[in-house]
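Worksheet: one structure, shown below.
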Amino acid sequence: MVIDFHTHTFPDRIAAATIAKLSRTAHITPFSDGTKEGLLSSMRESGVDLSVILPIATSPQQTRKINDGAAENNARAACAGLNPGGEDSAPCKEGGAGRIPKVFSFGAVHPDNEDYRRELARAAELGLKGIKVHPFYQDTDVDDIRYLRIFGRAAELGLVVVTHAGADIGYPGAVHCSPDMCRHVVREIGEFRFVLAHMGGWRCWEEVPEKLSGCGVYLDTAFSTGRISPLPDGYWDGKDLSLMGGERVMEYVRAFGADHILFGTDSPWSPQKESRDFIEKLPLTPEEQSLILGGNAVKLLS
């Protein structure tokens, strides 16, 4: 299976406005319309079998609704014959040939959720495999005690925790999730299923191997390879559009191990097909490529 471990979608009624706002804020071009159907279309074109949707609660009041919606989405996926990590995890067939792509949603929690222990337990009971947090959108440092309590409870429940890591293109100059902060989290909690998006620290990449290798964390490749695709508004004129190249990604594979790297795109902000092509062109062994493109994700989702 090819699994994109880092994607985003929005309800149809707000997707266009939300994508337009986020695009203007970051001055970047989206590669789909931000709807579930747009993601499914991208998956069909790129040969991605499963995409993990990572919702973000920007207020405590959103958490319960997000988690209920995630469980409903996953129930429909299960009815279609897809249970990540389970015995029926092989994709369904369409007309006897070709794979039918599916989406599987994580839950969310906000650092100001007073009932975080109960809500995380409820998320686990709903069958959610993990949660997403975003220190910038939630205006909290990733090693703040509020997050540490959440991460500790998630670890008790066996939930995967995915966090935005590094700088954020929409918040220039702000620091909420540095490699040092992430290392502090692991020191406080111990090793758990902790996924640092954007190769461990978006545009803090030179610090990541030194400070985080050996910590047991997972990294995803979302919005980290190739180049930024700018809006034609002049904002990026004369600025560095480059992201990670193949040589640097291979340095990370050697530092962290291929069994701790997850294929992700941050769709709709990076194209799934080009992102997959990037991984397939790296000088990886067949086993390493298989782990990165899906094997590691199946392990975390099981």
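The values are calculated or read from the model by the stated rules, or taken from the named source; none is laboratory data. Remember, it's a predicted structure, so these values are computed and weren't measured experimentally. Here the Cβ positions follow ideal geometry from the backbone for every residue, glycine too, while neighbour counts run over all protein chains shown. Heads up: the accessible areas ignore ligands, DNA and RNA and are worked out on the full protein's heavy atoms, side chains in. Shrake-Rupley method; radii C 1.70, N 1.55, O 1.52, S 1.80 Å.
Does the range 69-78 include one or more residues that are modelled with pLDDT under 95, more than 16 Å from Asp4 (Cβ to Cβ), in a loop (DSSP other than H, G, I, E, B) and open to solvent by 50 Å² or more (accessible area, probe 1.4 Å)?
There is no residue in the range 69-78 that is modelled with pLDDT under 95, more than 16 Å from Asp4 (Cβ to Cβ), in a loop (DSSP other than H, G, I, E, B) and open to solvent by 50 Å² or more (accessible area, probe 1.4 Å).
Identify all residues within the range 279-302 that are surrounded by fewer than 19 Cβ atoms within 10 Å (Cβ to Cβ), within 16 Å of Asp49 (Cα to Cα) and hydrophobic (A, V, I, L, M, F, W, C); write none if there are none.
Val298
Listed here are the residues, each with its yes/no results for (1) in contact with a helix residue (DSSP H, G or I) (Cβ under 8 Å, 6 or more places away or on another chain); (2) within 18 Å of Ala197 (Cβ to Cβ); (3) in a helix (DSSP H, G or I).
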{"residue": "Glu247", "(1), (2), (3)": "no, no, yes"}
{"residue": "Arg254", "(1), (2), (3)": "no, no, yes"}
{"residue": "Ile279", "(1), (2), (3)": "yes, yes, yes"}
{"residue": "Pro283", "(1), (2), (3)": "yes, no, no"}
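Provide a single number: the residues in the range 224-242 that are assigned to a loop (DSSP other than H, G, I, E, B), open to solvent by 20 Å² or more (accessible area, probe 1.4 Å) and closer than 24 Å to Ile53 by Cβ.
Selection size over the range 224-242: 2.
Quick one: would you say Thr140 is open to solvent by less than 30 Å² (accessible area, probe 1.4 Å), in contact with a Leu (Cβ under 7 Å, 6 or more places away or on another chain), at negative phi and not aliphatic (A, V, I, L, M)?
So Thr140 fails the test.
Out of Cys177, Cys182, I need the residue that is in a helix (DSSP H, G or I), buried (at least 23 other Cβ atoms within 10 Å of the Cβ), touching a residue at least 24 places away in the same chain (Cβ under 8 Å) and of a type outside the set (Ser, Thr, Tyr). Which one?
So the residue among Cys177, Cys182 that is in a helix (DSSP H, G or I), buried (at least 23 other Cβ atoms within 10 Å of the Cβ), touching a residue at least 24 places away in the same chain (Cβ under 8 Å) and of a type outside the set (Ser, Thr, Tyr) is Cys182.
How many residues does the range 47-68 contain that are more than 20 Å from His134 (Cβ to Cβ) and either open to solvent by 10 Å² or more (accessible area, probe 1.4 Å) or among the acidic types (Asp, Glu) (or both)?
2
Can you find, within the range 1-13, the residue that is surrounded by the fewest Cβ atoms within 10 Å (Cβ to Cβ) among those that are closer than 24 Å to Thr163 by Cα and free of Cβ contacts under 8 Å to residues at least 60 places away in the same chain?
Of everything passing the filter in the range 1-13, Pro11 is surrounded by the fewest Cβ atoms within 10 Å (Cβ to Cβ).
Restricting attention to the range 105-113, does a residue exist that is farther than 21 Å from Ser290 by Cα, modelled with pLDDT of 95 or more and out of contact with any helix residue (DSSP H, G or I) (no Cβ under 7 Å at 6 or more places or on another chain)?
The answer is no; no qualifying residue exists.
Quick test for you: out of Ser270, Ser275, pick the one residue that is part of a loop (DSSP other than H, G, I, E, B), of a type in the set (S, T, N, Q), out of contact with any helix residue (DSSP H, G or I) (no Cβ under 7 Å at 6 or more places or on another chain) and touching a residue at least 12 places away in the same chain (Cβ under 8 Å).
Ser270
Could you check, for the range 263-278, whether at least one of its residues is open to solvent by less than 10 Å² (accessible area, probe 1.4 Å), β-branched (Val, Ile, Thr) and over 26 Å from Gly34 (Cβ atoms)?
Within the range 263-278 (the criterion being open to solvent by less than 10 Å² (accessible area, probe 1.4 Å), β-branched (Val, Ile, Thr) and over 26 Å from Gly34 (Cβ atoms)), the answer is no, since none of the residues qualifies.
Mind listing just one residue for me: the one in the range 153-171 that is open to solvent by 20 Å² or more (accessible area, probe 1.4 Å) and not basic (Lys, Arg) and, of those, nearest to Ala121 (Cα to Cα)?
Of everything passing the filter in the range 153-171, Leu157 is nearest to Ala121 (Cα to Cα).
May I ask you to list the residues in the range 135-174 that are β-branched (Val, Ile, Thr), touching a helix residue (DSSP H, G or I) at 6+ places or on another chain (Cβ under 6 Å) and in a helix (DSSP H, G or I)?
Correct list: Ile150 only.
Going by what's in this entry, would Thr221 be described as hydroxyl-bearing (Ser, Thr, Tyr) and open to solvent by less than 20 Å² (accessible area, probe 1.4 Å)?
In short, yes.
So, in the range 185-218, of the ones that are assigned to a loop (DSSP other than H, G, I, E, B) and open to solvent by 50 Å² or more (accessible area, probe 1.4 Å), which residue ends up farthest from Ala258 (Cα to Cα)?
Checked the range 185-218; the qualifying residue farthest from Ala258 (Cα to Cα) is Arg203.
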